[in-house]
Amino acid sequence: MSHRDAQPSLVYLKDYRPPHFTIDKTDLKVDIFEGKTRVTATLQMRRNPATDYSGNELVLHGQQLKLLELEIDGARVPEAHYKYDGETLVVQPVTDSFQLTSRVEIVPEENTALEGLYRSRTMYCTQCEAEGFRRITFYLDRPDVLAEFTTTISADRGSCPVLLANGNRTGSGELEDGRHWATWHDPFPKPCYLFALVAGDLERIDESFTTASGRQVALHLFVEEKDLDKCDHAIASLKNAMSWDERVYGREYDLDVFMIVAVDDFNMGAMENKGLNIFNTSCVLAHPDITTDMGFQRVEGVVAHEYFHNWSGNRVTCRDWFQLSLKEGFTVFRDAEFSADMGSRTVKRVDDVALLRTLQFAEDGGPTAHPVQPASYMEISNFYTLTIYEKGAEVVRMIRALLGEATFRSGSDLYFERQDGQAATIEDFVAAMADVSGRDFTQFMNWYRQAGTPRLAASGDYDAESGRYTLSFEQSCPPTPEAEHKQPFQIPVRLGLVGKQGDLALTASGETELVAEINQAEQQLVFDNISEPPVPSLLRGFSAPVKLSYPYTADELTFLISHDSDGFNRWNAAQQLSLLLLKELVAALMDNRPLRADGRLSEAFGRVLQTPPEDRAMMALLLTLPSEAYMSEDAEVIQVEAIHLARQFLRRQLAVDLRPQWLDCYRHNRVADKYRPISSQIGSRAMANLALAYLLQTGSEEYYRLAADHYRAADNITDRMAAIGGLINCDNPQAQATVNGLLDDFYSRWQGESLAVNQWFQVQATSCVPGGLERVRGLMGHAAFDISNPNKIRAVIGAFTSANPINFHREDGSGYEFLAEQVQQLDSRNPQIASRLLTPLTKWRKYPEPRSGQMRVVLEQLIARPSLSKDVFEIVSKSLK
C-alpha cells in the first residue's frame, strides 16, 4: 500500500469499547523446527457480558500467519465461514460460548522486525508488547483480554535444550527424533502482550529468595555459556528489588520461580513478561571489563523496573494502550526511588532530570508532542516515549508530593487491592489516591491530558521595612499539536528562602521548606518576618516538570551553589550559571565578536573543588557543563556551530584557569583498590575522569600521555573509556595518534564481547573531531557491525545522529541524507528501530536555513516513498504538519 494514496487510520481513546468476546483459557502448543514453527492455539471463548453485542461474528488479529486448520468445538470450519486478509481473521457464525482451535505456521528465522517469535543467535524468543502476539497466532490482541495460559513447547534437544514459558513448569519429557517437550502453566490471567517463550542453548544460574511470608522462590538467570561470569550483579539487584518492594509497597512475588533470559537481539531494554522476563543483554549482563559504572547502575535499575512490573503492570495491567503510562510511569517512579535508596538520592535525581530536561522537554516542544494519556495514535510502538515513561513518572512523583509518603502508600495499597487481576485505567489509579486523601484531582488531571511543558515564571520582592517577602508566579503552556490553549496546571513547588547563614524560617513554627501549590495563571506567596533579603531556592528536588524562569544574577547563582541546602538546586544553580555565560558566548559568536574569558564560573568551580566532598559523584555532576543537547533544547533557534564553539571555549577556559586544581583532583581521586561498583568508588572515578577530561582540554601533550597511562593502568572499562573518550575528542594529531593505538588495543582484547564492542563503536561515532560522517560509514563497514542488531544500530547510527551534533548537522546536509538512507533500509526490516532513528529530523523547525530546509527535504522524500511502515509514516507525517 502506498501511503500517498491511503493513509493509515488513527485509533482514538474516545472510541474505546470492551471486546465483544473474551478468552478464559489459552492452550498453546508450539512445535519448533528449523525453518518453520507450527503453533496450535486452543481458546476457550465466550461472549463478553460487559457488552451489548448480539452478533455472531468473531474478529481476531493475525499477521504473517499461514493458516493450516481452523476448528470450532472440534469441527472444521468451512472456508466459506472465515476470511483472512493478512491483518484480521473474521469467523462467522459463532455461538455464545465455544472452543476455537487454529493451527498456523510461522518462520521465526525470517522475522527481522523482532516482534512475535524470532530467532536470536542461539535461541528462539518472543517480544509481544505491544502487538507482537498476533505474529504468533490468531488472537484478541488487546490488553483488556485476560486469559489463563498453558504453553507446551517442543524442539530439538540438541539445539534447544532449554524450553521456557510463563508461570510454573508442570511437565516435560522426551519425543522421537531427538526432540523433547515442556509444559508451563501460568495461573494468573494475563493479556497476550505478557506472553513469553524461549527455546535455545542456554546455561542457567540458580539462586533463591525467601519472601516476607516465608515462601521460597527460585531465581533462574539464563545466558549463553560465555556470559556466566556476568550475572552476579543482576541477581543481587533482583534480590534487592524483591526485598525493597516488600518493604516499601508491601508487594510480594506470587509464583514459584522468577526467570530472566538475556537476549542480544532485542528492540527494547527489557520486557516484564509474567514470570519470564526477557532482557536485552546490555540491561542484565555486567562485568567490569564490559560494563561502565553507569552501566552497572542501569542494570540495577532495569532489573528492578521489570520486577516491579509484576504488580504495576502484570497483576494490574492497562485497559488499553492509551493507559500505557499507568504501568510505565508508575513503575519508572518506583524504580527511580529504588535506585535512589540503593545509592545517592541526589545523583539519581540529577541524572533523571537531566534526561527529562534535555530529551523529554524537546519531545514536548516538537511535532510528536502528546499528553501522558494520549487521545489518539496511529502506531502504538511510537508511543513508548519519554513522555509516557519519564514525564509519567514525574506526574506520579507530584501526586506523592501533594499527598505525602504515608497517604501515597495508602493510595497505592488501595489501587492494588481494587484492581488486582484487572485491566485498569489512569483514572482508576488517581481515584484511589483521591479516595484515601479526600483531595479533588480534577485540575491535576491536566497533567495527564494536556501535552507540553508548562512555563513557570517567578519573581521576588523584599520589603526590608516590614520584613515581608513576596514571591509571584505566572504559569503558561505553549501550543502543542493537540491543543492551542491550555488550562492551568496544579504545580507543586517545593521551596526555601536562603540567607547568609542558611535556610530562613518560612512559618511561625520554624519550617524552612514547604510545598506550595501553584494552580492559577497568576499567584502570589507572602512570607512575613524575613530578616534579610533572601535568595529563593525554587522547585527543590525538581518538584514539578516545568521550565522555571527567575531573574537570578550571576552572584545569586554563585551564592546558591555554595549555600543551598538542597543538593539538586545546588547543581541546578551551577547549570544555570553555566548557561548564562554560554548564552553570552553564543551571542558573541553570532555577532562576530571576539570571545572573552569570564572568570565567574572558574571562581565558582574553584570554590567547589576546595570544598571537602560529601558525595563525589554529585560533585562531578556539579562541575560538568550543560551538554550541547540541553543548550539546544533551551535555545529558541539552534545555532549548531555557535553552541559547540561556545561550550568548547568555556571548557578550555575552566581547564586552563583551574589546571593545578584539576591535576590535584585527578591524583587524589584515583582508585587503588580492585574495581567494585559501589558508591564510594563510583564517585571517585567520576571525579578523576572528569578532571582528566578537563586536563586534556588544555592541549598539553603531557596529559595525552597521562590519558594513555590511565587507560593502561585501568582494571575496568569505565576508566578505559574515559581515557579514550577524552582523547578522541581532542582535535590534535598527537592525541589522535595516541587514541588510535588505544582503540586498536581495546578491540584486540575485547572483540569477542559484543557489549564492549558496542561502546567501542559508540565512542568513535560520537567524536566531535571533523570527519564524523566518514568515520561512521567506515564503522558500518567493520566486520563487527551488524545492521540486523538493534544494539549495533544504536551504538553507531543512533549515537552519531543524536549525540554528535557538530558532525551530524554538516552544512552540506549530508548527515541528513545519511540518516534518511538508513531509515529507508531499516524500515522494511525493523520499523520500530527505523522510526526511533528519526527523532533528530523531527526538530527541523528549530534550525535556521539552510539546515531546516535540508531536513524538510529529506522528510518529504521519505514520505513520498511507497509502502512506508505505519511506524515511520506517523513520525514523518507529524513532523511535516
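For the range 788-830, the candidate set comprises residues that are of a type outside the set (Gly, Ala, Ser) and open to solvent by 60 Å² or more (accessible area, probe 1.4 Å); within that set, the residue that is nearest to the chain's Cα centre (by Cα) is ARG794.
Evaluated against (1) outside any helix (DSSP H, G or I); (2) free of Cβ contacts under 8 Å to residues at least 24 places away in the same chain; (3) within 22 Å of CYS665 (Cβ to Cβ), ARG593 falls short on exactly one condition, (3).
Restricted to the range 316-334, and to residues that are of a type in the set (D, E, K, R) and surrounded by 23 or more Cβ atoms within 10 Å (Cβ to Cβ), which residue is nearest to PRO454 (Cα to Cα)? Result: GLU328. Checking each residue in the range 235-259 for being under 30 Å from ALA406 (Cβ atoms) and either open to solvent by 20 Å² or more (accessible area, probe 1.4 Å) or basic (Lys, Arg) (or both) picks out ALA236, LYS239, ASN240, SER243, GLU246, ARG247, VAL248, GLY250, ARG251, GLU252, ASP254. Out of curiosity, is PHE308 buried (at least 24 other Cβ atoms within 10 Å of the Cβ), under 24 Å from ALA130 (Cβ atoms) and more than 14 Å from the chain's Cα centre (by Cα)? Yes, satisfied.
Does the range 387-399 include one or more residues that are open to solvent by 10 Å² or more (accessible area, probe 1.4 Å) and either part of a loop (DSSP other than H, G, I, E, B) or small (Gly, Ala, Ser) (or both)? There is no residue in the range 387-399 that is open to solvent by 10 Å² or more (accessible area, probe 1.4 Å) and either part of a loop (DSSP other than H, G, I, E, B) or small (Gly, Ala, Ser) (or both). Whenever a residue of the range 512-529 is crowded, with 17+ Cβ neighbours inside 10 Å, its partners that are of a type in the set (Lys, Arg), lying with C-beta atoms within less than 9 angstrom and at least six residues away or across chains, give the pairs ALA516/ARG494; PHE527/ARG468. The helices (runs of 4 or more DSSP H) found entirely in the range 644-723 that carry 3 or more residues being open to solvent by less than 10 Å² (accessible area, probe 1.4 Å) and modelled with pLDDT of 95 or more are 679-696, 701-713. I'd like to check something: does the range 260-283 contain any residue that is of a type in the set (Gly, Ala, Ser), farther than 14 Å from GLU300 by Cβ and open to solvent by less than 30 Å² (accessible area, probe 1.4 Å)? So far as the range 260-283 goes, yes, one or more of its residues are of a type in the set (Gly, Ala, Ser), farther than 14 Å from GLU300 by Cβ and open to solvent by less than 30 Å² (accessible area, probe 1.4 Å).
One line per residue, one yes/no per condition, for (1) in contact with a Ser or Thr (Cβ under 9 Å, 6 or more places away or on another chain); (2) farther than 30 Å from GLN861 by Cβ; (3) buried (at least 16 other Cβ atoms within 10 Å of the Cβ):
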position	(1), (2), (3)
LYS14	yes, yes, no
ARG17	yes, yes, no
LYS25	yes, yes, no
GLU34	yes, yes, no
GLN44	yes, yes, yes
TYR53	no, yes, no
GLU57	no, yes, no
LEU70	yes, yes, yes
ASP73	yes, yes, no
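Got a sec? Which of PHE818, PHE785, PHE746 is under 23 Å from ASN280 (Cβ atoms) and assigned to a helix (DSSP H, G or I)? Criteria check complete, one pass: PHE746.
Criterion first (more than 30 Å from ALA270 (Cβ to Cβ) and at pLDDT 95 or above) does GLN64 satisfy it? No, not satisfied. Where strands (runs of 3 or more DSSP E) fall entirely within the range 135-176, those with at least 3 residues that are over 32 Å from the mean Cα position of the chain (by Cα) are at 147-156, 168-174. Of the residues making up the range 845-881, those that are buried (at least 16 other Cβ atoms within 10 Å of the Cβ), among the basic types (Lys, Arg) and within 24 Å of GLU482 (Cβ to Cβ) are LYS846, ARG856, LYS870, LYS878. Which residues, counting only those in the range 495-540, are basic (Lys, Arg) and closer than 22 Å to GLY404 by Cβ? Across the range 495-540, the qualifying residue is only ARG540. Counting the residues of the range 824-881 that are among the polar types (S, T, N, Q) and either modelled with pLDDT under 95 or closer than 30 Å to ALA642 by Cβ (or both) gives 7. Residue count for the range 435-487 satisfying the condition of being closer than 27 Å to GLU390 by Cα, open to solvent by less than 50 Å² (accessible area, probe 1.4 Å) and in contact with a strand residue (DSSP E or B) (Cβ under 6 Å, 6 or more places away or on another chain): 9.
Quick test for you: out of SER578, SER565, pick the one residue that is open to solvent by 50 Å² or more (accessible area, probe 1.4 Å) and either within 30 Å of ALA340 (Cα to Cα) or part of a helix (DSSP H, G or I) (or both). Just one listed residue meets the conditions, SER565.
Scanning the range 530-551 for residues that are hydroxyl-bearing (Ser, Thr, Tyr) and surrounded by fewer than 20 Cβ atoms within 10 Å (Cβ to Cβ) gives SER531, SER549, TYR550.
The values are calculated or read from the model by the stated rules, or taken from the named source; none is laboratory data. What you are looking at is a predicted structure, and each value in this text was computed from that prediction instead of being measured. We place every Cβ from the backbone using ideal geometry, glycine too, and count neighbours over all the protein chains shown. Heads up: the accessible areas ignore ligands, DNA and RNA and are worked out on the full protein's heavy atoms, side chains in. Shrake-Rupley method; radii C 1.70, N 1.55, O 1.52, S 1.80 Å.
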